[in-house]
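Undergrad: What follows is a single structure, and I will ask about it in a moment.
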Ligand SMILES: [Zn+2]
């Protein structure tokens, strides 16, 4: 019986074949949920997903879109924000 913390589905279960030939269960952390828009809560595309240590390993330009509000607002909300900023 695994430890109490591993009995819930908080951790995902991965079957791994050991060098001795037996299959054992490894408990791994689940992937982080995708980033959401700060205004309409829509899912943001082209924004890296994962733990902070995994995200730190990839290039900054591939973490989020390189435009104002990139990785914060979705593109329709960002477009509306630019227009309202220009008009005020
Ligand atoms: Zn939005």
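Undergrad: Per residue of the chain, what 222 nm ellipticity follows from adding -39500 (n - 2.57) for every DSSP H run with n ≥ 4, rounded to the nearest 500?
TA: Details: 2 runs with 19 residues, N = 88.
My calculation for the chain gives -6000 deg cm²/dmol from helical runs alone.
Undergrad: Next up: Give the relative contact order (percent, whole number) for segment 25-88; include only Cα pairs under 8 Å separated by 6+ residues.
TA: Working: 60 pairs, mean separation 19.4, N = 64.
Relative contact order here is 30 percent.
Undergrad: If the elastic network links every pair of Cα atoms under 10 Å, which of 16, 72, 47 fluctuates the most in the Gaussian network model of the chain?
TA: Looking only at 16, 72, 47, the biggest GNM fluctuation is shown by 16.
Undergrad: Hey, in the GNM for the chain with a 10 angstrom Cα cutoff, which one of 65, 34, 76 fluctuates hardest?
TA: The residue with the greatest mean-square fluctuation here is 76.
Undergrad: Label points 7 Å out from Cα along the Cβ direction at residue 77 and residue 1: separation in nm?
TA: So the label points at residue 77 and residue 1 sit 4.6 nm apart.
Undergrad: Over all directions, what mean area does the Cα convex hull of the chain project, stated in square nanometres?
TA: Numbers: hull surface 35.4 nm².
Result: 8.8 nm².
Undergrad: Using label points projected 7 Å from each Cα along Cα→Cβ, tell me how many nm separate residue 40 and residue 63, to one decimal.
TA: Inter-label distance under the simple model: 2.6 nm.
Undergrad: Please list the equivalent ellipsoid semi-axes of segment 43-82, computed as the square roots of five times the alpha-carbon gyration tensor eigenvalues, in descending order and whole angstrom. Working shown, then result.
TA: Working: eigenvalues 96, 19, 8 Å².
After diagonalising the Cα gyration tensor, the semi-axes are 22, 10, 6 Å.
Read-outs: derived from the displayed coordinates by stated rules, not from any lab. Note that the coordinates shown come from a computational prediction; the quantities given were computed from them, not determined experimentally. Glycine gets a Cβ as well: all are built from the backbone with ideal geometry, and neighbour counts include every protein chain shown.
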